Amino acid sequence: MAPPIKLKDTGSELEASPSKPLVILAKPPDKNKPKEGHTSVNVLANPSVPNELLKSPTIVQKNPVTVETDDAGHSGNKDESFSDLVKNVAQRVFHVQQKPAVVVNEGEQKLSSPPEMSYPVKLVDESLQWCDNALEYLHDATDFYVIGVLGLQGVGKSTIMSIISGIHSERSKWQLFKPQTNDLKEIGEHCTSGIDMYVSSQRIILLDTQPVMSASVMDHMIQYEKKPPGGPDYHSVENALLMQSLQQAAFLMAVCHTIISVQDWFIDLNYLRFLLSAEMLKPTTPINMHEQIPEETSEYYPHIVFVQNHSQREDFDPESISKMQETLHLTLQKSKLKFSGSVNFDANRSYAKDSSKKVNLFLIPDKEPPQDFDSQNDQFPEYKGHPGYQYLAETLSQQVLSMPRSLLTHTALSEKNWFHYSARIWETVKKSTLFLEYNRLLP
């Protein structure tokens, strides 16, 4: 038997001593051996490899080999044969390691857009408490537009808001905001309670409110409230109802870009006086802002559009429209609400005798009765003295959505910031001492 070959340790590789010839031990060719040029180890033919390693790509990693040698360069185990040494080295040089999976940090989450709304949700419930459910539908974008509505009971506020949203049809019984049904009209019950919110795909935030100064709301307060509304602060239920209506209107004037005032007959001076009182009691903006407020900041006031719903043929007379605009201008001439603009059902004609007295006034007629489209007699209906209902509804929606949008505060707000800002405004309005002082002046 030939004497064992001495191996010289060079740190990373083992090479034979040049004093003696190098002996290379060869093994029989393996059929499962990968072709030349491949660097990966064939693990499919090895039955000892666990199945878990075959589920993902594998890589080959080489571990450093440490061979203990003495001062003369001999290995630590002198009795170990050369074949056993090569076998042990081969087992320690190559091993199969599973490729590590990509781990995503817990703080990093995939951005997902908020869900789209299919129906309105409550912003303020029946008990006039703020609701946080609507926050999940809001983005971080700043290009949003808030539109609110005010009006008495049964004037068609929900119908007008459905027209603005575009989810409304003249011949369809379904619309976005639930209208007052005939059954509710017969018993004198209101339909909308609190404030409903809907966000369209164009980032239009619509706020449908309960009727102001409503006898149905007052009856609900008497029957279902366990204690008098407002406690001992209000002298009567009528005053409590008026204060709640003023709080609602003042809130909209602070958080909306545009307010639509709906009436079904012209003109209710008590309602116009109500709007002026709400403007007087509106909270100042900005409120509770941590950053420094510029001295040049002016008080914010929204645009207001007057819509006369259920208009008759005589209401569309040019002389009648001119008197409406003049009356509204005289009533609001000292108001800071932005009541002058470009909202007009006939854009080609100005009905105001003085262009400076032009008011945002739009007339909507009654819905036309359903027609039989198969009948030849309905192809050319008789002219009713005004454009069709569908045409006027689309025109109103286009003009309101194209109105300018001013900043609610001295800084631009995102949709979520607007939600939190509105929540603070609502709590401030409910706790404001101005309303209590105003209540003391009431009979």
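The table that follows gives values for the structure above.
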read-out	value
Linear extension gain, Ser342 paired with Thr433, 0.36 nm per residue minus alpha-carbon span	29.1 nm
Percentage of interatomic Cα-Cα distances in segment 386-443 larger than 15 Å	71
Nitroxide proxy distance, nm - points 7 Å out along Cα→Cβ at Asp219 and Ser322	4.3
Efficiency of FRET between Leu276 and Ser298 - r from beta-carbon atoms, R0 25 angstrom, step 0.05	0.80
DSSP-defined beta bridges in segment 134-212 - what % are antiparallel, rounded to 5	55
Pairs beyond 18 Å (Cα-Cα), from Lys122/Lys416; Lys157/Lys338; Lys338/Lys431; Lys336/Lys358; Lys178/Lys367; Lys157/Lys334	Lys157/Lys338; Lys338/Lys431; Lys157/Lys334
Karplus-derived 3J(HN,Hα), 6.51/-1.76/1.60, for each residue of segment 261-278, Hz, glycine and proline x	9, 10, 10, 10, 7, 10, 9, 9, 5, 5, 5, 5, 5, 5, 5, 5, 5, 5
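Values in this text are rule-based calculations from the coordinates and carry no lab data. Because the structure is a prediction, the values reported are computed rather than measured. All Cβ positions, even for glycine, are placed from backbone atoms using ideal geometry, and neighbour counts span all protein chains on display.
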